Amino acid sequence: MPDTCLFCKIIKGEIPSDTLYEDDQLLAFRDIAPAAPIHFLVIPKKHISGPSAVAEEDEQLIGRMMRVGSKVAKKEGIEQFRVVFNNGEEAGQTVFHIHMHILGGRNLSWPPG
Ligand code: 5GP
Ligand code: ZN
């Protein structure tokens, strides 16, 4: 777990977050700069730098992110939402600990800019 990783610090409680869900494998918390009325992130507690770094042994963990994200979205009152994983700087990734964005609560245009 790299000492410099922002999301590892959130997992360890060194940086506060608005937690929506937590278990032994996953954490969901509100995005600090929401891009929609509902915008939260689901992350694994295991440090994986991004989608391209997902290993075969992580497949179940990444699948659980979908299930947990959908449940949290429902608890937040949205059943329609967008799921985003950014991979690499050009795609908009700024934090290199894999995270699933869930955005909803307004009409979302497609394709993204
Ligand atoms: P990325 O651009 O890497 O796909 O997404 C990173 C997300 O993390 C951004 O939407 C950004 O607003 C969010 N973020 C960055 N720093 C913090 C923080 O300290 N706390 C929370 N809750 N979200 C953060
Ligand atoms: Zn990390």
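The values are calculated or read from the model by the stated rules, or taken from the named source; none is laboratory data. These numbers were taken from a predicted model, which means no experiment stands behind them. Every residue, glycine among them, receives a Cβ derived from its backbone with ideal geometry; neighbour counts consider all protein chains shown. We work out accessible area using only protein heavy atoms, side chains counted, and drop any ligands, DNA or RNA first. Shrake-Rupley method; radii C 1.70, N 1.55, O 1.52, S 1.80 Å.
Here are some notes:
- Full-stretch length increase - residue 4, residue 25 - with 0.36 nm per residue and alpha-carbon distance subtracted: 5.6 nm
- Additional length obtainable on full extension of the chain from residue 55 to residue 32, 0.36 nm per residue less Cα span: 5.4 nm
- Rounded tilt (10° steps) of 59-75 against the dominant C-alpha axis of the chain: 40
- Lysine pairs in the chain whose alpha-carbon atoms fall under 19 angstrom of each other, counting only those eight or more residues apart or on distinct chains, come to 5.
- Vicinal HN-Hα couplings computed from phi for the stretch 88-95 (Karplus, 6.51 cos²θ - 1.76 cosθ + 1.60; Hz; Gly/Pro x): x, 4, 5, 8, x, 6, 10, 10
- Estimated distance in nm for a label pair at residue 12 and residue 47, the labels positioned 7 Å out from Cα along Cα-to-Cβ: 0.8
- Mean-square fluctuations from a GNM of the chain, with a 10 angstrom spring cutoff on Cα atoms, peak among 41, 27, 61 at 61.
- Whole-Hz ³J(HN,Hα) from phi, Karplus 6.51 cos²θ - 1.76 cosθ + 1.60, for the stretch 12-20, glycine and proline x: 6, x, 6, 10, x, 8, 8, 6, 10
- Apportionment of accessible area to carbon and sulfur, the chain, percent (1.4 Å): 50
- Solvent-free Debye scattering, log10 I(q)/I(0), computed from the Cα coordinates of the chain at q = 0.16, 0.22 Å⁻¹: -0.72, -1.38
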